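Before any comments, here is the structure.
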Ligand SMILES: [Zn+2]
């Protein structure tokens, strides 16, 4: 990663931080959808309760994926702080800049990712 310019790293960091912020925001704004479905059957009929549970299940699945992505972003930012960013976490080889541009949170080179 010796040839990589500081400005490139800064741009990648900004992208990671922006994605992290929007993920956290999305997580916040959907918290309501993930709440347990009320057992009160008076206000909602049986069908709409099933709908609500389906919505909740989907929202939770999305949240699990979102949390996974957030963890990868946080890990990439930590690697940046540690000066390890841009190296494959498996074989320690350089990750090509093009690959980092496609996904700044990527942690492995193409060979190791297969
Ligand atoms: Zn590798």
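The values are calculated or read from the model by the stated rules, or taken from the named source; none is laboratory data. Predicted model, so just to flag it, every value in this text is computed and none were measured. Using ideal geometry, Cβ is built from the backbone for each residue, glycine included, and neighbour counts are taken over all protein chains shown.
Restricting region 77-114 to residues that are touching a strand residue (DSSP E or B) at 6+ places or on another chain (Cβ under 8 Å) and in a loop (DSSP other than H, G, I, E, B) leaves a set whose member that is surrounded by the most Cβ atoms within 10 Å (Cβ to Cβ) is 86.
In region 2-22, the residues that are under 16 Å from residue 87 (Cβ atoms) form no Cβ pair under 8 Å with any partner that is modelled with pLDDT under 90, whether six or more places apart or across chains. Residue 51 meets the stated requirement of being modelled with pLDDT under 95, part of a helix (DSSP H, G or I) and loosely packed, with under 15 Cβ neighbours inside 10 Å.
Reported count of residues in region 87-114, each being more than 12 Å from the ligand (Cβ to nearest atom) and more than 30 Å from residue 30 (Cα to Cα), is 2.
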